[in-house]
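The values are calculated or read from the model by the stated rules, or taken from the named source; none is laboratory data. No experiment lies behind these values; they were computed from the predicted model shown. Using ideal geometry, Cβ is built from the backbone for each residue, glycine included, and neighbour counts are taken over all protein chains shown. Calculation scope for accessible area: heavy atoms of the full protein, side chains included, ligands and nucleic acids excluded. Shrake-Rupley method; radii C 1.70, N 1.55, O 1.52, S 1.80 Å.
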Amino acid sequence: MDAEKLMISKLKAGCGGNFTANIEGMFRDMDVASETMELFQRHYNRVKRASQQQDGSTDDAPASMSSVASGIDVQVTVLTQAHWPTQAMLELNLPTELVHWQTMFKDFYSKHYSSYRQLVWQHSMSTAMLRANFPKGAKELSVSLLQALVLLLFNDADELSYEAIKEQLGVKNERELQRTLLSLSVGKVRVLTKIPKGPDVKLTDVFSYNSAFSNPLLRIKVNNIQLKETHEENAKTNAEVVQERQHAIDAAIVRVMKMRKTLAHKLLVQEVITQLRFQLTNADLKRRIDNLIEREFLERSSADSQVYNYLA
């Protein structure tokens, strides 16, 4: 962590505060999130003790305490959305125990922090550690939240259809559900079996608990399978790459011009290309230069339109 902060300070000194603002925000988020979780744990322990003293035992604890009896331990990391890459929202029907924890943390957070802060639960970034019992031995499965919720359905059923799983979990992103089911039934860790067998998930497929599962390891990481991108997803990815690269191009142009103060277009192009690690067309670079001129970072020389001046 200290080495990373030292690198950030060097980047800040060389490229300016704007260049490292998001990275510094990420580190602050991690420190604040750790402190927030410690406060929540102390708050939770006080509520638990008060509940036990009032009722005389944990058997009559309120609903918000019931998740403790079921052996669930929750870790919440609160991050500032502006500092981190945008994530796709994943809608899920959570188990009652997790909803209790969610409600408890939301109530705690609203009381301890400003009311204008709004918590948005990123289920796509959530992970879980499940204890699973198989005939050949108990295992600990490190899985995503969606993988965990799929597996928990098989506590009450030995066999479920794709449609039944989709309906019970309330998943609207079918591609994500298909990817998850493939990782559990076709990947390296096959804790479920798929009928019929095959590399794809269809609406008529049926999944069942794999009683024959075995693995020499006690703790097993279940990786998600990467599906082939569709044409629409590929186009979206390319657009996001272009958007991300715009910031890198802008930063390179500003660094060069800040150092040179005045520079001809041809020389500016050459210096910027040497600083960037990806291919760049002259048209892309010209668009970014024009954008910086509009934002008043640069100006064209009154004597020569092919020469740029840096505006401090």
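Of a type outside the set (A, V, I, L, M, F, W, C) and either touching a residue at least 40 places away in the same chain (Cβ under 8 Å) or open to solvent by less than 30 Å² (accessible area, probe 1.4 Å) (or both): does that describe Arg260?
When the stated conditions are applied, Arg260 passes them.
Kindly indicate which of Leu285, Leu267 is out of contact with any strand residue (DSSP E or B) (no Cβ under 9 Å at 6 or more places or on another chain) and either more than 29 Å from Ala13 (Cβ to Cβ) or open to solvent by 50 Å² or more (accessible area, probe 1.4 Å) (or both).
On the way: Leu285 fails: either more than 29 Å from Ala13 (Cβ to Cβ) or open to solvent by 50 Å² or more (accessible area, probe 1.4 Å) (or both).
One residue alone meets the criteria, Leu267.
Among the residues of the stretch 221-238, count how many are under 19 Å from Arg277 (Cα atoms) and at pLDDT below 75. Write out each step before concluding.
The first filter runs over the stretch 221-238 and keeps only residues under 19 Å from Arg277 (Cα atoms), leaving 237-238.
If we keep only those that are at pLDDT below 75 as well, we get 238.
Residues that pass the stated criteria total 1.
Tell me which residues, restricted to the stretch 72-112, are open to solvent by less than 90 Å² (accessible area, probe 1.4 Å), closer than 21 Å to Gln41 by Cβ and in contact (Cβ under 8 Å) with a residue 60 or more places away in the chain.
Met104, Phe105, Phe108, Tyr109
Can you run down the residue pairs with Cβ atoms below 9 Å, 6 or more apart or on separate chains, where the first is in the stretch 137-164 and farther than 15 Å from Gly187 by Cα and part of a loop (DSSP other than H, G, I, E, B) and the partner is open to solvent by 40 Å² or more (accessible area, probe 1.4 Å) and not β-branched (Val, Ile, Thr)?
Phe154/Tyr209; Ala157/Tyr209; Asp158/Tyr209; Asp158/Ser211
Among the residues of the stretch 209-217, are any under 24 Å from Gln178 (Cβ atoms), in contact (Cβ under 8 Å) with a residue 24 or more places away in the chain, open to solvent by 50 Å² or more (accessible area, probe 1.4 Å) and in a strand (DSSP E or B)?
yes
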